[in-house]
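My structure is below; once you've seen it, I'll send some questions.
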Amino acid sequence: MPPTLLIAGYVLLTLAPLALAWAQGKPPRPFLDELSSGLALAAFAILLMEFLLSGRFRSISERIGMDVTMRFHQLLARVAAAFILVHPFLYATPIGLARPDDATHRDHLGLAGAAAYTGIIGWLLLLLLVITAMRRTQIGHSYETWRITHAVGAVLIAGLIAHHAFAAGRYSGAAPLLWFWIVLLALAALTMLVVYGLRPLLRWRRPYEVVAVRPVAAKTWQLEIRPRRGEALQYEAGQFVWLRLGTNPWSPDEHPFSIASAPADRTTLSFIIKEYGDFTSRLGGIAPGTTAYVDGPYGHLTLAQTLRRGRQAEGVALLAGGVGIAPLLGILRQMQMSRDDRPVILVYGNRSRAQIVLADELEALVANPNLTIVPVLSEPDAAWTGRRGVLDDALLREVFGFDGAARWCYLLCGPQGMIASCERSLLGLGIPARQIVSERFLYD
Ligand SMILES: Cc1cc2nc3c(=O)[nH]c(=O)nc-3n(C[C@H](O)[C@H](O)[C@H](O)COP(=O)(O)OP(=O)(O)OC[C@H]3O[C@@H](n4cnc5c(N)ncnc54)[C@H](O)[C@@H]3O)c2cc1C
């Protein structure tokens, strides 16, 4: 879906409950009452759409990127939490038992019994969910524990708020707004069913197994897997999958990794993985034959998508920082295998020589006259004769300051700081923003 259509659809769905409430033509109340109800209605719509945003639907993330989709998910949850936070405190009308003579809740908010409890518990849980998500790394639980509690908490909150809105809300219990909520609730439930039921079932029918795990740089491994039967999944060079190793397809222990192999190699998927936390540090001990499952492919950091979107690609610039080389290696390998003869420049930054991944393979690739590799080290040893420093303004100006560079396409992957600074430098060189595509390895 084009980003403009996505944003328009999103805004429409967020504002639709306000329009549907207004269309009920109830007698007017004080402004603050209406503001409070309006914020709660918009917040509930945002919360239900959060299920879709986090459901890894390619139709949502393909054009804008999974990292941007997840960032939207995080930021909009904060907006919804802020709306819900102020919601109970804005009302000017007295709160209490529903009065039969005030069916429109104009003089009196009918809030008591179960509806009061679901409102209060939902309010508290939502704030807790957003705060624990924002402070996830400080809390100290494993990523998997956090994800399970986050998903269970989200379902609980949706149920509590739905009960509160239907039982106590002035507008939500009546058609057509009621039907709107039922459709959004059904979509959220369907998303959970797809994510935790259908997709794992499809994965279970397509198991892979580990072929080899070997070191390719300091604390960095190349993992190869192949399907137990048939061909590997179809993907575009530069995309990523969520990978499960030695566990079942329903396990929450899954991790996103870019595919470093070329799609032209139909039998094997390979990954370049750097040790980071508990899962990646165990990689060296994974035995050949271990069962693996993949969920994907996802990601927009591909040359094929770049061309489909009408970007120019007279040449291809690949800017990698550290293990960010993984998807770009996949693109290089694919270009090599498909005899794509466009000029390619790979600028590859690392701290030390020991961190350069697959140095032998990269050296062999340079035999291709169309490919230039510019390795850069920020902490080189005395024997290093290559470039020193980082991928800064000066370096990028030197490498990409030629005529026609604006018609090249720029694919970036690496740490957040490196991506942001490279994007700034490229824009400063006059490279149009639409020619630059980047992918982050972290969603926080
Ligand atoms: C799109 C994408 C592609 C990536 N490609 C590569 C790659 O090719 N090579 C590589 O070495 N690293 C890659 N990463 C990073 C890699 O996923 C993490 O380093 C790895 O998951 C860490 O797991 P851990 O158990 O070792 O560490 P943990 O301490 O458990 O996790 C460290 C951090 O990794 C992130 N993370 C962990 N699990 C998940 C998950 N299921 N979903 C989203 N984020 C998660 C969280 O931010 C977490 O705080 C990629 C990340 C993303 C988002």
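Bear in mind that the values in this text are calculations on the coordinates, not laboratory data. A quick note: this is a predicted structure, and the numbers were derived from the prediction, not measured. In this analysis, Cβ positions are derived from the backbone assuming ideal geometry, glycine residues included, and neighbour counts consider all displayed protein chains.
List every residue whose amide H lies under 5 Å from the amide H of SER438, counting only residues 5 or more places away in sequence or on a different chain, with H placed 1.01 Å from N in the peptide plane.
Correct list: LEU412.
Give me the number: length gained by fully extending LEU127 to TRP22, i.e. 0.36 nm times residue separation minus the C-alpha to C-alpha distance, one decimal in nm. It would help to have the intermediate numbers written out before the result.
Values: separation 105, 0.36 × 105 = 37.80 nm, distance 2.80 nm.
Difference between extended and current length: 35.0 nm.
Are there any trypsin sites (Lys or Arg not before Pro) in the range 247-323 that are in a DSSP loop and have at most 16 other Cβ atoms within 10 Å? List them by number. Could you put the intermediate results ahead of the total?
Details: sites: ARG266, LYS274, ARG282, ARG308, ARG309, ARG311; in loops: ARG266, ARG282, ARG309, ARG311.
Answer by residue number: ARG266, ARG282, ARG309.
Which is the longest run of the chain containing none of the chymotrypsin sites (Phe, Trp or Tyr not before Pro) found in DSSP loop states (not H, G, I, E, B) with at most 15 other C-beta atoms within 10 Å? Before the final figure, lay out each step's value.
Working: sites that count: TRP250, TYR276, TRP384, PHE402, TYR443.
Free of exposed loop sites, the longest segment is 1-249.
Another question about this same structure. Three principal axis extents, largest first, for the C-alpha atoms of the chain, in Å?
Taking the Cα atoms of the chain, the three principal extents are 86, 50, 38 Å.
Something else about it: Go ahead and estimate [θ] at 222 nm for the chain from helices alone: -39,500 (n - 2.57) per DSSP H run with n ≥ 4, summed, over the residue count, rounded to 500. Can you show the working numbers first?
Values: 15 runs with 201 residues, N = 444.
Using -39500 (n - 2.57) per qualifying helix, the result is -14500 deg cm²/dmol.
Now for a separate question. Expressed in nm to one decimal, what extension gain is obtained for the pair ALA433 and THR385 from 0.36 nm per residue of sequence separation less their Cα-Cα distance? Please report the intermediate quantities before stating the final value.
Details: separation 48, 0.36 × 48 = 17.28 nm, distance 3.32 nm.
Gain in length upon complete extension: 14.0 nm.
Now, a different point. Between ARG407 and ALA114, how many nm apart are label points set 7 Å from Cα along the C-beta direction?
6.8 nm
Roughly speaking, what is the stretch gain from PHE57 to GLU231, that is 0.36 nm per residue apart minus the C-alpha to C-alpha distance, in nm to one decimal? Please list the in-between numbers first.
On the way: separation 174, 0.36 × 174 = 62.64 nm, distance 2.32 nm.
Result for the pair: 60.3 nm of gain on full extension.
Separate question: Name the long-range amide H neighbours of ALA212: under 5 Å, sequence gap of 5 or more, or other chain; modelled H, no Pro or chain starts.
For ALA212, whose amide H was placed from the backbone, the distant partners under 5 Å are GLU224.
Can I ask one more? Within the chain, which complete DSSP H helices have Cα atoms spanning at least 20 Å along the helix axis and a mean Kyte-Doolittle hydropathy of -1.0 or higher? Could you put the intermediate results ahead of the total?
Working: long enough: 3-22 (29 Å, 1.76); 31-53 (32 Å, 1.73); 66-90 (36 Å, 1.08); 113-134 (32 Å, 2.04); 143-168 (36 Å, 0.88); 177-193 (24 Å, 2.52).
Passing helices, by number: 3-22, 31-53, 66-90, 113-134, 143-168, 177-193.
May I ask for the Kirkwood hydrodynamic radius of the range 303-440, worked out over all distinct Cα pairs and given in angstroms to one decimal? Write down the numbers at each step before the final one.
Working: mean 1/r = 0.0663 Å⁻¹.
Its Kirkwood hydrodynamic radius stands at 15.1 Å.
Using the Karplus curve 6.51 cos²θ - 1.76 cosθ + 1.60 with θ = phi - 60°, work out ³J(HN,Hα) for each residue of the range 201-207 in order, rounded to whole Hz, and write x for Gly and Pro.
Karplus-based 3J(HN,Hα) across the range 201-207 equals 5, 5, 5, 4, 7, 10, x Hz.
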